Structure formats: C-alpha cells, structure tokens
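Enquirer: Here you go, one structure.
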Amino acid sequence: PDLDGLSLATEIRRSFDVAIVFITQRNERATRIEALETTGDDYITKPFDLRELLARLRSVLRRRGAGIETRVSIGDIEVDLLQREVRSSAHGAIELTRGEFDLLAALIRSNGNVVTRQALASVVTRQLGPSDMRTVDTLVSRLRRKLGAGLGEGHQIKTEHGVGYRLLRGPRS
C-alpha cells in the first residue's frame with residue numbers, strides 16, 4: 001500500500017529476474033516511457049482486448065525465455081526448475097516440500113542478490129503475517145540441512161542479518 005506500481009516493480013526487479021507487464025489505466029506518454037525504460041517488459045492500458053493481452057504475454061515470455069536457465073548446478077546439486085526436481089550426484093533425488101522448493105527457486109533466480117525475508121515470505125505463503133518471517137527462517141534451515149555438503153565449497157545459503165538471504169554460487173573470496 002505504500003508503493004506505486006513503478007516502485008513495486010523496481011523492488012521486485014532487484015530481487016527476481018521475472019517478466020514485468022504493466023496493466024494500468026494511466027496512458028500518459030511519459031509514464032509509459034518511464035515504465036518501459038526502467039523495469040517493464042510491456043505496458044498495456046485499460047480497457048484491453050483479452051486476446052491482445054494473451055498475445056503480448058506470450059511475446060514477452062518468448063523474448064525472455066531464451067535467457068532463462070531451467071537447469072542449474074550448484075556444487076553437487078542439480079535443480080530442474082521446470083520439473084521441480086532436486087538431485088545430488090552422490091545421493092540421488094532430494095525430496096523438498098513445495099515451500100522449500102519455491103524458496104530455493106527464488107534464491108536461484110535472484111542471481112546471487114539478497115532476497116528480503118518479506119519477498120521470500122510472499123513466495124511461500126499467500127497471506128503475509130508476523131509468523132511468516134519465522135516460516136522463511138525455518139524453510140532456510142531445512143534447506144540447508146537437506147542440501148548439506150552437496151552444495152560444495154563456496155556454495156551456501158548466506159544469511160544477510162536484518163535483511164534476508166542470498167545464494168552464493170561460487171568459490172569464496
């Protein structure tokens with residue numbers, strides 16, 4: 001409630017590599033240009049034709065799809081983001097709950113950037129409440145335990161105190 005759409009999109013873009021399509025009644029030229037130059041992949045004004053909306057969404061997904069990783073290796077762990085599977089070459093399949101997988105996927109998609117606890121809570125729960133921040137901490141703890149040594153040297157889910165978490169994917173400096 002404290003942010004306008006452009007500010008919210010900027011905040012989302014800092015943490016996640018996702019497509020952003022603005023759907024709004026604002027049709028001012030300056031607003032459209034600012035949205036497209038800063039964070040937006042497309043801009044649609046109301047009222048709109050449903051077939052045009054679907055065509056624009058498919059177009060955005062086609063353009064962005066080429067650069068999106070669907071299989072990610074982190075140390076000994078391989079994560080298939082489309083099939084929602086996690087495997088270790090040493091131990092085979094690693095069973096994760098929906099929340100654990102969604103949290104891991106959000107950390108992977110953040111490309112090593114810090115993801116706030118609030119952003120992670122919104123990924124794993126529908127309604128944000130005070131207990132949801134603790135849920136995020138619990139899910140991170142369970143992920144660390146399940147992935148364990150399979151993450152390998154220099155790969156870890158790092159706590160950024162007072163902010164959130166980040167997934168380090170490389171040798172420590």
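Enquirer: With all protein chains present, how much of the accessible area of the stretch 1-141 (probe radius 1.4 Å) comes from carbon and sulfur, to the nearest whole percent? All intermediate terms of the calculation are to be shown ahead of the outcome.
Expert: Working: 4360 of 8900 Å².
The C+S portion of the solvent-accessible surface of the stretch 1-141 is 49 percent.
Enquirer: Specify whether the C-alpha gyration tensor of the stretch 1-64 places it in the rounded, prolate or oblate class, a ≥ b ≥ c being the square roots of the eigenvalues: rounded for a/c under 1.5, otherwise prolate if a/b is larger than b/c and oblate if not. Please list the in-between numbers first.
Expert: Details: a/c = 1.82, a/b = 1.16, b/c = 1.57.
Oblate, since a/c reaches 1.5 and b/c is not below a/b.
Enquirer: Under a crude label model (7 Å from the Cα following the beta-carbon direction), how far is Leu54 from His91 in nanometres?
Expert: Taking the two extended label points, one gets 4.4 nm.
Enquirer: Right, here's the next one. Among Tyr165, Gly112, Gly148, which residue has its Cα furthest toward the positive end of the charge dipole of the chain, with +1 on Lys/Arg Cβ and -1 on Asp/Glu Cβ?
Expert: Farthest towards the positive pole: Gly148.
Enquirer: Nearest 10 degrees is fine. How inclined is helix 50-65 to the longest principal axis of the chain, computing both from alpha carbons?
Expert: For 50-65 against the chain, the angle is about 40 degrees.
Enquirer: Name the residue, out of Thr39, Thr24, Thr159, whose mean-square fluctuation peaks in a Gaussian network model built on the chain with Cα pairs under 10 Å.
Expert: Ranking Thr39, Thr24, Thr159 by mean-square fluctuation puts Thr24 first.
Enquirer: Here's something else I'd like to know. Using modelled amide H (1.01 Å from N, peptide plane; none on Pro or chain starts), what sits under 5 Å from the amide H of Ile44, excluding residues fewer than 5 places away?
Expert: Here the answer is Phe22, Ile23, Thr24, since their amide H atoms fall under 5 Å of that of Ile44.
Enquirer: Here's a follow-up. Count charges around Ser59 for me, please; just the other residues with Cβ under 12 Å from its Cβ, Lys/Arg as +1, Asp/Glu as -1. Each step should come with its number before you reach the end.
Expert: Working: positive: Arg56, Arg58, Arg62, Arg63, Arg64; negative: Asp41, Asp42, Glu52.
Charge balance in the 12 Å sphere: +2.
Enquirer: Now for a different question. Which residues' amide hydrogens lie under 5 Å from the amide hydrogen of His155, considering only partners 5 or more residues apart or on another chain, with H built in the peptide plane?
Expert: HN-HN under 5 Å from His155: Gly170.
Enquirer: Net charge within 15 Å of Arg87 by Cβ-Cβ distance, Lys/Arg positive one each and Asp/Glu negative one each, not counting Arg87 itself?
Expert: Values: positive: Arg71, Arg84, Lys146; negative: Asp76, Glu78, Asp80, Glu85, Glu95, Glu100.
Net charge in that neighbourhood comes out at -3.
Enquirer: Moving to a separate point now. What accessible area per residue comes out for the chain, rounded to a whole number of Å², with a 1.4 Å probe? Write out the running numbers ahead of the final one.
Expert: On the way: 10910 Å² over 173 residues.
The answer is 63 Å² per residue.
Enquirer: Mind putting a number on the dipole of the chain about its Cα centre? Charges go on the C-beta only, +1 for Lys and Arg and -1 for Asp and Glu, and I need it in Debye to the nearest 20. Could you put the intermediate results ahead of the total?
Expert: On the way: 28 positive and 23 negative charges, 37 e Å.
In total the dipole reaches around 180 debye.
Enquirer: When the Karplus curve 6.51 cos²θ - 1.76 cosθ + 1.60 is applied with θ = phi - 60°, which whole-Hz ³J(HN,Hα) does each residue of the stretch 107-117 get, with x for Gly and Pro?
Expert: These are the phi-based 3J(HN,Hα) values: 5, 5, 5, 7, 6, x, 7, 5, 10, 5, 4 Hz.
Enquirer: What Kirkwood hydrodynamic radius do you get for the chain when you take the inverse of the mean 1/r over all pairs of distinct Cα atoms, in Å?
Expert: Working: mean 1/r = 0.0559 Å⁻¹.
Result for the chain, one decimal place: 17.9 Å.
Enquirer: Quick one: net charge of Gly148's neighbours, Cβ under 12 Å, K/R +1, D/E -1?
Expert: +3
The values are calculated or read from the model by the stated rules, or taken from the named source; none is laboratory data. Keep in mind it's a predicted model, so treat the numbers as computed, not measured. A quick note on method: Cβ atoms are made from the backbone with ideal geometry, for glycine too, and the neighbour counts reach across all protein chains shown. Remember, those area values only see protein heavy atoms, side chains included, never the ligands or the DNA or RNA. Shrake-Rupley method; radii C 1.70, N 1.55, O 1.52, S 1.80 Å.
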